[in-house]
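A quick write-up on the structure given underneath.
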Amino acid sequence: APATQRDVVEWLCARLALPLPPIVSERDAQAPLRGDRVIDGSRALRDLGVTLRYPSYRDGYEAVLRAEGRV
(Lines give C-alpha, C1' and ligand atoms only; values in the text may rest on other atoms or scores of the structure.)
Protein backbone atom coordinates (compact mmCIF):
# COMPACT_ATOMS: atom_id res chain seq x y z
CA ALA A 1 0.00 0.00 0.00
CA PRO A 2 1.32 3.47 -0.76
CA ALA A 3 2.74 5.36 2.22
CA THR A 4 4.44 8.69 2.56
CA GLN A 5 7.80 9.01 4.25
CA ARG A 6 5.97 10.74 7.07
CA ASP A 7 3.54 7.80 7.43
CA VAL A 8 6.45 5.40 7.85
CA VAL A 9 8.28 7.63 10.35
CA GLU A 10 5.10 8.19 12.37
CA TRP A 11 4.39 4.46 12.46
CA LEU A 12 7.94 3.60 13.56
CA CYS A 13 7.98 6.29 16.24
CA ALA A 14 4.63 5.14 17.60
CA ARG A 15 5.74 1.49 17.53
CA LEU A 16 8.97 2.30 19.39
CA ALA A 17 7.41 4.91 21.71
CA LEU A 18 9.77 7.58 20.38
CA PRO A 19 9.05 11.25 19.76
CA LEU A 20 8.57 12.36 16.20
CA PRO A 21 11.60 14.04 14.64
CA PRO A 22 11.29 17.73 13.82
CA ILE A 23 9.64 18.57 10.54
CA VAL A 24 12.07 19.91 7.96
CA SER A 25 10.82 22.05 5.11
CA GLU A 26 11.09 20.49 1.67
CA ARG A 27 13.46 23.28 0.67
CA ASP A 28 15.84 22.43 3.54
CA ALA A 29 15.69 18.64 3.08
CA GLN A 30 18.47 16.79 1.31
CA ALA A 31 17.68 16.11 -2.35
CA PRO A 32 16.79 12.38 -1.99
CA LEU A 33 14.26 13.23 0.73
CA ARG A 34 12.38 15.92 -1.16
CA GLY A 35 8.84 14.99 -2.04
CA ASP A 36 7.19 11.61 -2.11
CA ARG A 37 7.12 9.26 -5.03
CA VAL A 38 4.62 6.55 -5.81
CA ILE A 39 6.19 3.56 -7.48
CA ASP A 40 4.13 0.58 -8.56
CA GLY A 41 6.40 -2.44 -8.76
CA SER A 42 3.61 -4.98 -9.27
CA ARG A 43 4.46 -5.56 -12.93
CA ALA A 44 8.14 -6.20 -12.17
CA LEU A 45 7.20 -8.60 -9.38
CA ARG A 46 4.72 -10.39 -11.63
CA ASP A 47 7.11 -10.59 -14.61
CA LEU A 48 9.94 -11.88 -12.42
CA GLY A 49 7.70 -14.28 -10.50
CA VAL A 50 8.70 -12.74 -7.18
CA THR A 51 6.65 -13.02 -4.01
CA LEU A 52 7.73 -10.59 -1.34
CA ARG A 53 8.48 -12.00 2.10
CA TYR A 54 7.30 -8.74 3.64
CA PRO A 55 4.68 -7.16 1.36
CA SER A 56 4.36 -3.95 3.40
CA TYR A 57 6.72 -1.70 5.31
CA ARG A 58 4.84 -2.62 8.48
CA ASP A 59 5.44 -6.34 7.94
CA GLY A 60 9.14 -5.78 7.21
CA TYR A 61 9.77 -3.44 10.10
CA GLU A 62 7.84 -5.71 12.49
CA ALA A 63 10.18 -8.57 11.49
CA VAL A 64 13.23 -6.36 12.11
CA LEU A 65 11.89 -5.19 15.47
CA ARG A 66 11.18 -8.78 16.53
CA ALA A 67 14.66 -9.90 15.44
CA GLU A 68 16.17 -7.05 17.48
CA GLY A 69 14.05 -7.96 20.51
CA ARG A 70 12.28 -4.60 20.52
CA VAL A 71 8.74 -6.02 20.50
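So here's what we get for this one:
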{"item": "Where a residue in segment 26-45 is in a loop (DSSP other than H, G, I, E, B) and its partner, wherever it lies, is loosely packed, with under 10 Cβ neighbours inside 10 Å and modelled with pLDDT of 75 or more, with Cβ under 6 Å and at least six apart", "result": "38/2"}
{"item": "Selection from segment 23-42 of residues that are closer than 19 Å to residue 3 by Cα and open to solvent by 80 Å² or more (accessible area, probe 1.4 Å)", "result": "23, 24, 26, 32, 33, 34, 36, 37, 38, 39, 40"}
{"item": "Near pairs, Cβ below 6 angstrom, 6+ apart or cross-chain, from segment 1-18 (open to solvent by 80 Å² or more (accessible area, probe 1.4 Å)) to any residue that is part of a loop (DSSP other than H, G, I, E, B) and among the β-branched types (Val, Ile, Thr)", "result": "2/38"}
{"item": "Residue count, segment 46-70 (criterion: assigned to a loop (DSSP other than H, G, I, E, B), of a type outside the set (Val, Ile, Thr) and open to solvent by less than 100 Å² (accessible area, probe 1.4 Å))", "result": "5"}
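The values are calculated or read from the model by the stated rules, or taken from the named source; none is laboratory data. What you are looking at is a predicted structure, and each value in this text was computed from that prediction instead of being measured. Using ideal geometry, Cβ is built from the backbone for each residue, glycine included, and neighbour counts are taken over all protein chains shown. Side chains are part of the model used for accessible areas, which takes the heavy atoms of the whole protein and leaves out ligands, DNA and RNA. Shrake-Rupley method; radii C 1.70, N 1.55, O 1.52, S 1.80 Å.
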